[in-house]
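*Asks:* Below you will find the structure I want to go over with you.
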Amino acid sequence: MAVLNALIEAAGLEKTYPARDRKGTAFRAVAGVDFQVHRGEAFGFLGPNGAGKSSTMRMLAGVSAPTAGTLRILGLDPVADGRRVRARLGVVPQDDSLDTQLTVEENLLVYGLYFGLSRRAVRARAGELLEFARLEDKAGERVEHLSGGMRRRLTIARALINEPEILLLDEPTTGLDPQARHVLWDRLFRLKQDGVTLILTTHYMDEAEQLCDRLVVMDKGLIADEGSPRELIERHVTREVLELRFPPGEHEEVGRKLGDQVEVLPDRLLWYADDGEQALAQATEAGVRPLTALVRRTGLEDVFLRLTGRSLTD
Amino acid sequence: MNDRIALPPAGGAHLVVLRNLWVHKGGSPWTMALFSVFEPILYLLAIGVGIGGLVGEVPGVEVPYAAFVAPALLATAVMNSALEETTQTAYAKFAFDRFYHSLAVTPITVSGLVLGEIAWGMLRGLITGLGFLAVVTALGLVTSPWVLLAVPAGLLIAFTFGAAGFLTAGYVRGWSDFQYMQLVMLPMFLFATTFYPVTVYPEPVAAVVRALPLYHAIELVRGPALGQVGPGLLGNAGYLAAVGLVCFLLARRRWRRLLTA
Ligand SMILES: Nc1ncnc2c1ncn2[C@@H]1O[C@H](COP(=O)(O)OP(=O)(O)O)[C@@H](O)[C@H]1O
Ligand SMILES: [Mg+2]
């Protein structure tokens, strides 16, 4: 049975943060989610800021205790067995937490010692990882002097020091330029090929589509749906979408005219159709005169929009 | 599975100390000590030797004034070294470097982290204490071999204030909060019998002074330094140990909340 192979099983998982002060109120960031992750898979959480992705990741990392529900990681309870769970995970947090006082290589060495590795083992492993992260010629450099992309690669290398079975990546490429993102994706592909189970969060559709075998769409602490990128697109949207732009203020009116099949956004109308050109012809026939019209393939952005009525990055 | 991994003992406290040593390996322990003893030595020269020339001998103990003040300045210097590491430096590690967050996802435990940072403060305190001791010896202000008890006493003092400091750091909201700390530390430094015996205070005030941890720290160093070793020192040590232990337990609880929310 597939469940037996699940490296991670979450059921009814919740996280409620207590009020920060007497005037505040408690906040439920994760409101009951179920999911399973299997060995060797690349599993993603796609959702906008505030969806509860990082809160979920911190529970998976064995750092933050769930408020309700059950969570098993590698067959262990991440609260009762936190240390043993953490020893077998690699974590790339959303915010950089490299040791800026140390050099690139020292960051790897000292981190390995935290995992109880011997100095010899750690030295050998650091060499491999410097190469993996393409930082061989930066080994003696202070972390402060690295670019954003290099820091991110070093953070990933650091998370791999203990040869983890699962690598957790919280928004691995946010804030990086396109080139740095591609280098990073390439490294993550390699890890996947080596059999490392990847769990990542992102609010980039392209990243989710590129990297994830399976993903959940998360919004307001809940999972809206789950599947492979292909499945999700097939389930929720048509093959193509027609994007129509009008002068400001006319969207609502045109939207009413075209009926239910269109989604009205602040800056454009989206008409989901299996044949976008045909939809455009229909629109023209109906007397609609857009400023611009564009037919494109649908993607996860559209899935998100259909599931939540909101755009991912706003 | 990875059989090369053996979870570090004691929550990995020694590894936290090791990391701090790596960061400081540019400067040797003695340059560290030099910076830490610079200020108390200035006090010793200005007040101990300078004003001491006017004061002469301290009644009751019959030693030169500088020899009376030196042990108190040693206790204060050790305290300040431990505090510096566990307050300002610790706050920067937490809020800016996110160093503690990076430990939270490793097998290092919160207990290990808190113990490690306090132990690091103790190491800094020890180095400062030894440096100061070397200077006062050179100045000829040592009157009794019992002064060597200042070494274990210094470790205990650094533990107490290190634990208190790390507890405080857990409540700091921004740099300006350190001004409040100064509001407590400066009066304590001035009035905890640093420059004169507790007998100068009328009884109700003396009782308040005796409640200050720094008072006990000074007693613990001054007694042996002046050759007065008695059971009273155990009371001072016990007081410091109790304060340190309570602060350690509270600090651990606080940091657990901050790091594993
Ligand atoms: N420690 C915390 N205390 C209180 N609220 C928090 C805490 N951490 C996150 N939150 C809140 O929980 C919500 C979800 O946050 P997060 O899990 O970081 O979402 P995401 O990673 O998807 O952006 C946000 O509204 C955030 O403000
Ligand atoms: Mg996040």
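Every number in this text was worked out from the coordinates using simple rules, so none of it is lab data. Keep in mind the model is a prediction, meaning the values are calculated, not measured. Here Cβ is always computed from backbone atoms with ideal geometry, including for glycine, and neighbour counts include all displayed protein chains.
*Asks:* Considering the options A:LEU184, B:VAL135, B:PHE159, tell which one lies farthest towards the positive end of the dipole of the protein assembly as shown, charges being +1 on Lys and Arg and -1 on Asp and Glu at the Cβ, about the Cα centre.
*Replies:* So the residue we want is B:VAL135.
*Asks:* Given a Förster distance of 35 angstrom, what is the FRET efficiency for B:VAL184 paired with B:LEU45, based on the Cβ-Cβ distance and rounded to 0.05?
*Replies:* So, using R0 = 35 Å, E works out to roughly 0.85.
*Asks:* Sticking with this structure for a sec: For all pairs of alpha-carbon atoms in region A:110-176, what percent lies in each bin of width 5 Å, listed from the first bin to the last filled one?
*Replies:* Computed distribution, short to long bins: 3, 17, 26, 25, 19, 8, 1, 0.
*Asks:* What's the FRET efficiency of A:ARG134 with B:LEU54 using the Cβ-Cβ distance as r and R₀ = 60 Å, to the nearest 0.05?
*Replies:* 0.30
*Asks:* Continuing with this model, one more query. Please name whichever of B:GLY232, B:THR109, B:VAL61 sits farthest to the positive end of the charge dipole of region B:13-260, dipole taken about the Cα centre and charges placed at Cβ: Lys and Arg +1, Asp and Glu -1.
*Replies:* Most positive-ward Cα: B:THR109.
*Asks:* Something else now. For chain A, what does the relative contact order come out to in percent, with C-alpha contacts under 8 Å and a separation of six or more?
*Replies:* Across chain A, relative contact order equals 19 percent.
*Asks:* Starting from 0 in steps of 5 Å, tell me what percent of the Cα-Cα pairs of region A:123-279 lands in each bin.
*Replies:* Result, from short to long distances: 1, 7, 13, 14, 14, 12, 10, 8, 7, 6, 4, 2, 1, 0 percent.
*Asks:* With the Cα gyration tensor of region A:53-123 giving a ≥ b ≥ c as the square roots of its eigenvalues, does the rule (a/c under 1.5 for rounded; else a/b larger than b/c for prolate; else oblate) give rounded, prolate or oblate?
*Replies:* oblate
*Asks:* Let me ask another. Using Cα pairs under 8 angstrom and six or more residues apart, how large is the relative contact order of region A:117-202, in percent?
*Replies:* Relative contact order of region A:117-202: 31 percent.
*Asks:* Okay, moving on. Could you check what % of the DSSP bridge pairs in the protein assembly as shown are antiparallel, to the nearest 5?
*Replies:* So the antiparallel bridges amount to about 65 percent of the total.
*Asks:* Here is a follow-up. I'm checking a number: the convex hull volume of the Cα atoms of region B:13-260, normalised per residue, in Å³. What is it?
*Replies:* Expressed per residue, the convex hull around the Cα atoms of region B:13-260 is 126 Å³.
*Asks:* Related question: May I ask you to derive the relative contact order of region B:13-260, considering only C-alpha pairs under 8 Å and at least 6 residues apart, and to give it as an integer percent?
*Replies:* Computed over region B:13-260, the figure is 27 percent.
*Asks:* How many angstrom lie between the Cα centre of region A:242-314 and the Cα centre of region A:134-196?
*Replies:* So the two Cα centres are separated by 38 Å.
*Asks:* Let's test the formula: R0 of 60 Å, r as the Cβ-Cβ distance of A:GLU285 and A:ASP81. What FRET efficiency results, to the nearest 0.05?
*Replies:* 0.40
*Asks:* Still on this structure, I have one more. How large is the convex hull of the C-alpha atoms of chain A per residue, in Å³?
*Replies:* 173
*Asks:* For the cross-link pairs A:LYS220/A:LYS257; A:LYS53/A:LYS257; A:LYS138/A:LYS192; A:LYS53/B:LYS93, which exceed 29 Å when the distance is taken from alpha carbon to alpha carbon?
*Replies:* In this structure, A:LYS220/A:LYS257; A:LYS53/A:LYS257 lie more than 29 Å apart at Cα.
*Asks:* Place a +1 charge on the Cβ of each Lys and Arg in chain B and a -1 charge on the Cβ of each Asp and Glu, then give the dipole magnitude about the Cα centre in debye, rounded to the nearest 20.
*Replies:* Charge dipole, chain B, about its Cα centre: 940 debye, nearest 20.
*Asks:* Taking the C-alpha atoms of region A:1-111, how large are the radius of gyration and the largest Cα-Cα span, Dmax, in Å?
*Replies:* 16.0, 49
*Asks:* In the Gaussian network model of chain A, springs joining C-alpha atoms below 10 Å, which of A:ARG297, A:ARG158, A:ARG214 carries the largest mean-square fluctuation?
*Replies:* Of A:ARG297, A:ARG158, A:ARG214, the Gaussian network model singles out A:ARG297 as fluctuating most.
*Asks:* Here is a follow-up. Per the Kirkwood definition applied to all pairs of different Cα atoms, how many angstroms is the hydrodynamic radius of the protein assembly as shown?
*Replies:* Kirkwood hydrodynamic radius for the protein assembly as shown: 27.6 Å.
*Asks:* Toward the positive end of the charge dipole of chain A, about the Cα centre and with charges on Cβ (Lys, Arg +1; Asp, Glu -1), which of A:LEU135, A:PHE45, A:LEU117 goes farthest?
*Replies:* Towards the positive end, the residue furthest out is A:LEU117.
*Asks:* With n ≥ 4 as the cut-off for DSSP H runs, can you work out [θ] at 222 nm for the protein assembly as shown, using -39500 (n - 2.57) per run divided by the number of residues, rounded to the nearest 500?
*Replies:* Helix contribution divided over all residues of the protein assembly as shown: -16000 deg cm²/dmol.
*Asks:* Quick one: helix A:104-114 against the long Cα principal axis of chain A, what's the angle to the nearest 10°, folded into 0 to 90?
*Replies:* Helix A:104-114 and the main axis of chain A meet at about 70 degrees.
*Asks:* While we're here: Given the options B:PRO197, B:PRO187, B:PRO64, which has the most mean-square fluctuation in a GNM of chain B, springs set between C-alpha atoms less than 10 angstrom apart?
*Replies:* Between B:PRO197, B:PRO187, B:PRO64, it is B:PRO187 that shows the largest mean-square fluctuation.
*Asks:* In debye, nearest 20: dipole of chain A around its Cα centre with unit charges on the Cβ of K, R (+) and D, E (-)?
*Replies:* Roughly 1220 debye for chain A.
*Asks:* With +1 assigned to the C-beta of every Lys and Arg and -1 to the C-beta of every Asp and Glu, and no other charges, what is the dipole magnitude of the protein assembly as shown about the Cα centre in debye, to the nearest 20?
*Replies:* The dipole magnitude comes to about 1500 debye.
*Asks:* With labels modelled as points extended 7 Å from the Cα through the Cβ direction, what inter-label distance (nm, one decimal) is found for B:LEU234 paired with A:ASP21?
*Replies:* Taking the simple label geometry, B:LEU234 and A:ASP21 are separated by 4.8 nm.
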